[in-house]
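Have a look at the structure below, then the notes.
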Amino acid sequence: MMAAVLEAPGKMTLQEVDDPICLDGGLILKVEACSICSTDVKMLRDGQRDLVYPRILGHEISGIVYERGGVGPEVGERVQVFPGVFCGRCPSCRRGAENQCENVQIFGFNLDGGFAEYLQVPGDSVRNGGVNLIPDGVKFEEAALAEPLACCINAQELVGVGDGDSVLIFGAGPAGNLHAMLARERSASTVAIAETLEGRVDLARSSGADQVVNSKREDLRERAMEMTDGRGFDVIILASRDVAVDDDLLFLLAPRGRLSVFSGLPRNLAAPRLDLNHIHYRENLIVGSYGCTSAQNKAALELISSGSFDVGWLITERVSLGEISRGMEHAERREGLKSMVTEFGR
Ligand SMILES: [Zn+2]
Ligand SMILES: [Zn+2]
């Protein structure tokens with residue numbers, strides 16, 4: 001089969017590789033859509049903590065069951081796969097935090113992923129509910145976005161976005177827009193996005209956010225206080241890799257306000273100096289999030305299938321597997337939003 005193989009940082013080539021074999025209890029999927037995540041771009045350029053080379057990247061995957069190892073969906077069924085293959089036995093798994101599983105394997109990280117004609121799905125994935133049927137009427141490319149949406153659900157559950165919360169999201173990339181739509185879905189009272197790229201400010205107006213602020217041109221602190229009657233936001237979500245967590249940022253939080261560190265940060269921003277007394281007096285909470293659980297993945301696919309949560313508009317570039325570099329560049333330029341591989345033929 002054809003696959004885009006990353007051999008080392010910066011070295012991804014399209015090549016013919018052996019067709020994957022169907023494992024006992026597992027599946028082979030014919031991949032129909034695999035979206036490009038900013039993590040893929042990061043892995044292509046710099047590597048990543050959980051990445052093992054050589055590797056076929058791609059963890060936002062949907063496809064058709066092509067071969068079946070005895071259990072799970074039938075050949076020909078349309079499915080979306082949760083990218084984590086977890087053990088189900090370790091303390092994290094037993095507490096429902098599968099994404100923190102100490103034995104986890106992840107498509108596109110330490111298992112081959114979806115930038116290929118076929119995907120090998122291990123039996124553990126099928127057994128542990130990692131393979132989800134796509135309801136009629138939902139396109140493969142929409143279903144592939146269940147995974148990034150699920151990551152947003154994980155973050156918003158951990159940071160507790162709920163009824164009446166005012167929410168400020170930094171970054172109007174695909175994740176920032178999904179966060180805005182999701183916060184609305186979770187009955188936030190006010191949803192605002194701060195973004196520095198003008199093109200993305202314009203695009204983010206389709207997210208349903210009440211306000212999209214160009215934080216390069218406008219005084220964000222002033223605008224934030226205007227929007228929240230001087231209290232600050234109940235929740236801030238960092239869906240951008242270039243926001244510093246500092247005292248100025250914490251100032252935008254209301255008393256008991258919560259901060260979600262959703263994006264991984266570059267080294268120069270990952271070790272901030274903070275006035276912990278500010279956190280002490282105002283009872284602020286800072287919580288990270290990384291990936292999602294299979295239950296959150298199912299919830300995301302259900303939300304997309306409900307018909308009231310449109311993710312299709314986020315796809316601004318479709319490429320074939322042979323054009324994957326163009327897709328990566330689209331993601332990296334940050335002019336549009338999501339790019340997606342939608343053709344896998346030779
Ligand atoms: Zn992703
Ligand atoms: Zn585990």
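The values are calculated or read from the model by the stated rules, or taken from the named source; none is laboratory data. It should be emphasised that the depicted structure is a prediction, and the values quoted were computed from it without experimental measurement. Here the Cβ positions follow ideal geometry from the backbone for every residue, glycine too, while neighbour counts run over all protein chains shown. Accessible surface areas use protein heavy atoms only, side chains included; no ligands, DNA or RNA. Shrake-Rupley method; radii C 1.70, N 1.55, O 1.52, S 1.80 Å.
The amide H of ARG68, built 1.01 Å from its N in the peptide plane, has ILE28 as neighbours under 5 Å, considering only residues 5 or more places off or on other chains. Only DSSP H runs of four or more residues enter the estimate; each adds -39500 (n - 2.57), and after division by the residues of the chain the mean residue ellipticity at 222 nm equals -7500 deg cm²/dmol. Across the cross-link table entries LYS11/LYS139; LYS11/LYS216; LYS298/LYS338; LYS11/LYS298; LYS139/LYS298, which are compared at the Cα atoms, the separations over 27 Å belong to LYS11/LYS139; LYS11/LYS216; LYS11/LYS298. Each peptide among 266-277, 282-293, 220-231, 136-147 gets the average number of other Cβ atoms lying within 10 Å of its residues, and from highest to lowest they stand as 136-147, 282-293, 220-231, 266-277. Each Lys and Arg contributes +1 and each Asp and Glu -1, all at the Cβ; summed about the Cα centre of the range 151-288, the dipole is approximately 300 debye.
Across the range 231-245, coupling constants 3J(HN,Hα) worked out from phi with the 6.51/-1.76/1.60 Karplus curve, θ = phi - 60°, read 7, x, 8, 5, 9, 10, 10, 8, 10, 8, 8, 10, 10, 7, 7 Hz, and Gly and Pro carry x.
As a length-normalised measure over Cα pairs under 8 Å and 6 or more apart, the relative contact order of the chain settles at 19 percent. Each of ASN103 and ASP202 was given a label point 7 Å from its Cα along the Cα-to-Cβ line. The distance between the two points is 5.2 nm.
If the chain linking ARG256 and ALA270 were pulled fully straight, counting 0.36 nm for each residue of separation and taking away their Cα-Cα distance, it would gain 2.7 nm. The HN-Hα couplings worked out from phi for the range 167-181 by the Karplus form 6.51 cos²θ - 1.76 cosθ + 1.60 (θ = phi - 60°) are 10, 10, 10, 8, x, 10, x, x, 5, x, 5, 4, 4, 5, 5 Hz, whole numbers, x standing for Gly and Pro.
With Cα atoms as the point set, the radius of gyration and Dmax of the range 296-346 evaluate to 13.2, 36 Å. When the P(r) of the chain is calculated, the portion above 32 Å amounts to 29% of the C-alpha pairs. If I model the range 219-346 as equal point scatterers sitting on the Cα atoms and use the Debye formula, what is log10 I(q)/I(0) at q = 0.12, 0.13, 0.20, 0.21 Å⁻¹? Once normalised to I(0) and log-transformed, intensities are -0.70, -0.80, -1.20, -1.22. Please report the relative contact order for the range 151-288, taking Cα pairs under 8 Å with a sequence separation of at least 6, and give it as a percent rounded to a whole number. Result for the range 151-288 is 23 percent. A dipole drawn for the chain from +1 and -1 charges on Cβ atoms has a positive end, and of CYS90, TYR118, MET1 the residue lying farthest that way is CYS90. Summing +1 for each Lys or Arg and -1 for each Asp or Glu among the other residues whose beta-carbon sits under 10 angstrom from that of GLY264 gives +3. When only the Cβ of Lys, Arg, Asp and Glu is charged (+1, +1, -1, -1), the dipole of the range 90-203 relative to its Cα centre reaches about 300 debye. Surface composition of the range 189-346: carbon and sulfur atoms hold 47% of the protein heavy-atom accessible area at a 1.4 Å probe. Taking 37 °C and 0.692 mPa s as conditions, the range 151-288 diffuses translationally at an estimated 225 µm²/s according to Stokes-Einstein applied to its Kirkwood radius (Cα pairs).
Rolling a 1.4 Å probe over the heavy atoms of the protein chains gives the range 151-288 an accessible area of 45 Å² per residue. The charge dipole of the chain, taken about its Cα centre with unit charges on the Cβ of Lys, Arg, Asp and Glu (plus for the first two, minus for the last two), comes to roughly 540 debye. Computed from backbone phi, the HN-Hα couplings of the range 43-49 come to 5, 4, 7, 10, x, 6, 3 Hz, rounded to whole numbers (Karplus: 6.51 cos²θ - 1.76 cosθ + 1.60, θ = phi - 60°; Gly and Pro given as x). Note on the range 17-59 and the range 217-258: Cα centroid distance 36 Å, given to the nearest whole angstrom. When the chain is described by a simple charge dipole with +1 on each Lys and Arg Cβ and -1 on each Asp and Glu Cβ, the residue from SER320, VAL191, LEU303 located farthest towards its positive end is VAL191. ARG205 exposes around 130 Å² of accessible area when a 1.4 Å probe is run over every protein chain in place. Each label was represented as a point 7 Å from its Cα along the Cα-to-Cβ direction; for ARG326 and TRP313 these points are 2.6 nm apart.
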